[in-house]
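Undergrad: Sharing a structure, written as C-alpha cells. Questions coming.
The values are calculated or read from the model by the stated rules, or taken from the named source; none is laboratory data. This structure is a prediction, so every number in the text was calculated from the model and none was measured. Glycine gets a Cβ as well: all are built from the backbone with ideal geometry, and neighbour counts include every protein chain shown. Keep in mind that these areas ignore ligands, DNA and RNA; they rest on the heavy atoms of the full protein, side chains included. Shrake-Rupley method; radii C 1.70, N 1.55, O 1.52, S 1.80 Å.
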Amino acid sequence: MNTAPAPVDWTAPADHLAPVYAQWPIDVVDASGVHLHTRDGRRILDLYGGHAVAALGYSHPRLIAALEAQARSLIFQSNAVPLEVRARAATRLTRFAGLGLDTAFFVSTGAEANENALKLALKITGRRKVVAVEGSFHGRTAAAGAVTWGAAKKWYGFPQAPFDVAFVPKGDLAAIAGTVGTDTAAVIVEPVQGVAGAVDLGQPFLAALRARCDEVGVQLVFDEVQCGMGRTGFPFAANMYGVTPDMITTAKALGAGFPCAALLMANHVASHLKADDLGTTFGGGPMACAMIEAVVDIIETEGLLANVRTLSRRLRDTCVVGPVTGVQGAGFLTGLRTRRPARDVQRELLERDILTGTSGDPHVVRILAPFVLDTTHIDALRDALASLPA
Ligand SMILES: Cc1ncc(COP(=O)(O)O)c(C=O)c1O
C-alpha cells in the first residue's frame, strides 16, 4: 500500500506562524501606560488590551517590580513543591472575591479553568448534561468548545461533545425550568457575555438560574474569564449582581499579561477533592502567582474598581455620538452599538489612533479598556467617535 502523503499546494508563511488569525494593520514595537507605539511612530490609545488581558495597561512599575523580583528569586516549581507565593496568591484572590468561594485551583488558560469546572460538576453530580446560554463563549478545548454557542458549526472539530449539551436563550426566564433539570450537572454562564458583544445577562436571569440550580441540585458555574477580576467595577460580576455561583472561573486580567487562570470553588465543591483529581504543570507556578498577588494588590490599593465604575459611567453618558446609538455591557466590558457595521467603525477609530475590538455582533464595537484609564482617554474616544460619519 502506498502511504506517501499526497502532494499539497502549500508553502509555510514568511513568519512560519499558522495562518489562523486575521490581524490588524499595525506594527507594534512596544507600549507604555495605555498606549501602543508602532514602528512608524504612531501612539495608539489601546482600549482593547489584547482581548481584556492588559488590565493594568503597560509597564506598570509595581507589576514589573513583582515580576522581576519573582524571576530572580524562583522562576518555577511545580505544585509538588509547597510555595508561599502560591498560598499568598490563593488567599489574596479568594479574599478579593469575598464570595465564600474560598478554595482556588490555579491553571493556565480560561478554557482549562472551564474544563476543570465542568469535570468537577459532572463528577460530583454523576450526571451527563451541561446547560449553557445562547451566545456564550467558553474556549476552544473539547469541553469548553462544546458549551460555546455556534462552535459546532464554525470550528469545533471534535467528532462529539464529551457530555450532553443544551442551550437556554439569554434572558428567557421561562425556558430555564424546561432546560435545567435533574439530569443536569452544571449550568455554565458568562454573567456579562464578552465575545457576544458585551451582553449583560441581568440580575433576574442569573438569580433565576441560581434558584433553579438549587432546586434540582445543579452546579452553577460563572465563567468570569473576561468579565471578572474587576472588569465590571466589582471584583467579580457575581458581586455586582449579588448572585453567588458554586464555582467561578477567571483568567485574562488575572495576570494582567502573564498567562494564568483560576477556578474558585465553594466548600461544598472543594470538599469532594482528593489528591490527583485535578492537575497541571504550569498552573500555580510562582511567576503566575506573583502576578496574581500583585494584580489584586494594585487593583485594591490604587482604587481601580472605583475608577472603572466612574469612567464607564462617563463613557455611557458621553459616547453615544457619531455612529454610536447606544452603550451596553457593564463597567469596562463595554459594547458600543453602531448604526454602521462595527468593523468599519473599528477601522476608522484605528485610523485615528484608537484601538478597539469587534465582537460576534456585527453592530457592536467592543471596548475592553485598561482599569488605569483616565477621563482624557474617554474624552478622546468621544471626540474621535463624534468626528466619524453617523
Ligand atoms: C468568557 C470566556 N471564557 C473562556 C475563554 C477562553 O479563555 P482562553 O483563551 O484563555 O482559553 C474566553 C476567551 O476569550 C472568554 O472570553
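Undergrad: Can you tell me how many residues within region 82-120 are acidic (Asp, Glu), in contact with a Ser or Thr (Cβ under 9 Å, 6 or more places away or on another chain) and either away from the ligand (no atom under 16 Å from the Cβ) or on the phi > 0 side of the Ramachandran plot (or both)?
TA: Counting residues in region 82-120 that are acidic (Asp, Glu), in contact with a Ser or Thr (Cβ under 9 Å, 6 or more places away or on another chain) and either away from the ligand (no atom under 16 Å from the Cβ) or on the phi > 0 side of the Ramachandran plot (or both) gives 1.
Undergrad: Among (1) open to solvent by less than 50 Å² (accessible area, probe 1.4 Å); (2) under 30 Å from Arg313 (Cβ atoms); (3) in contact (Cβ under 8 Å) with a residue 60 or more places away in the chain; (4) more than 13 Å from the ligand (Cβ to nearest atom), where does Thr250 come up short?
TA: (4)
Undergrad: So, in region 318-338, of the ones that are touching a helix residue (DSSP H, G or I) at 6+ places or on another chain (Cβ under 8 Å) and surrounded by fewer than 18 Cβ atoms within 10 Å (Cβ to Cβ), which residue ends up nearest to Ala237 (Cα to Cα)?
TA: Thr318
Undergrad: Say we look at region 127-155 and pick out the residues that are of a type outside the set (D, E, K, R), over 17 Å from the mean Cα position of the chain (by Cα) and closer than 11 Å to Ala186 by Cα; which of these is nearest to the ligand (Cβ to nearest atom)?
TA: Taking the candidates together, the pick is Val130.
Undergrad: Pick from Ala111, Ala89: which is open to solvent by 10 Å² or more (accessible area, probe 1.4 Å), in contact with a helix residue (DSSP H, G or I) (Cβ under 6 Å, 6 or more places away or on another chain), assigned to a helix (DSSP H, G or I) and closer than 22 Å to Met287 by Cα?
TA: Of Ala111, Ala89, the one residue that is open to solvent by 10 Å² or more (accessible area, probe 1.4 Å), in contact with a helix residue (DSSP H, G or I) (Cβ under 6 Å, 6 or more places away or on another chain), assigned to a helix (DSSP H, G or I) and closer than 22 Å to Met287 by Cα is Ala111.
Undergrad: Something else about it: What single numbered condition from (1) within 16 Å of the ligand (Cβ to nearest atom); (2) touching a strand residue (DSSP E or B) at 6+ places or on another chain (Cβ under 9 Å); (3) within 30 Å of Gly49 (Cβ to Cβ) fails to hold for Val165?
TA: Just one mismatch for Val165, condition (3).
Undergrad: Here's something else I'd like to know. Could you say which residue among Leu349, Leu355 is modelled with pLDDT of 95 or more, open to solvent by less than 50 Å² (accessible area, probe 1.4 Å) and in contact with an Asp or Glu (Cβ under 6 Å, 6 or more places away or on another chain)?
TA: Matching residue, one of Leu349, Leu355: Leu355.
Undergrad: Next up: Can you tell me which condition Ala386 does not meet? The list is (1) out of contact with any strand residue (DSSP E or B) (no Cβ under 9 Å at 6 or more places or on another chain); (2) open to solvent by less than 10 Å² (accessible area, probe 1.4 Å), and all the others hold.
TA: With (1) out of contact with any strand residue (DSSP E or B) (no Cβ under 9 Å at 6 or more places or on another chain); (2) open to solvent by less than 10 Å² (accessible area, probe 1.4 Å) applied to Ala386, the lone miss is (2).
Undergrad: Kindly provide the set of residues from region 26-56 that are part of a loop (DSSP other than H, G, I, E, B) and touching a helix residue (DSSP H, G or I) at 6+ places or on another chain (Cβ under 8 Å), ordered by number.
TA: Ile26, Val34, Leu47, Val53, Ala55, Leu56
Undergrad: Here's something else I'd like to know. List the residue pairs whose Cβ atoms are under 6 Å apart, where the first residue sits in region 124-140 and is more than 19 Å from Ala251 (Cα to Cα), the second is open to solvent by 10 Å² or more (accessible area, probe 1.4 Å) and within 11 Å of the ligand (Cβ to nearest atom), and the two are 6 or more positions apart or on different chains.
TA: Gly135/Ala196
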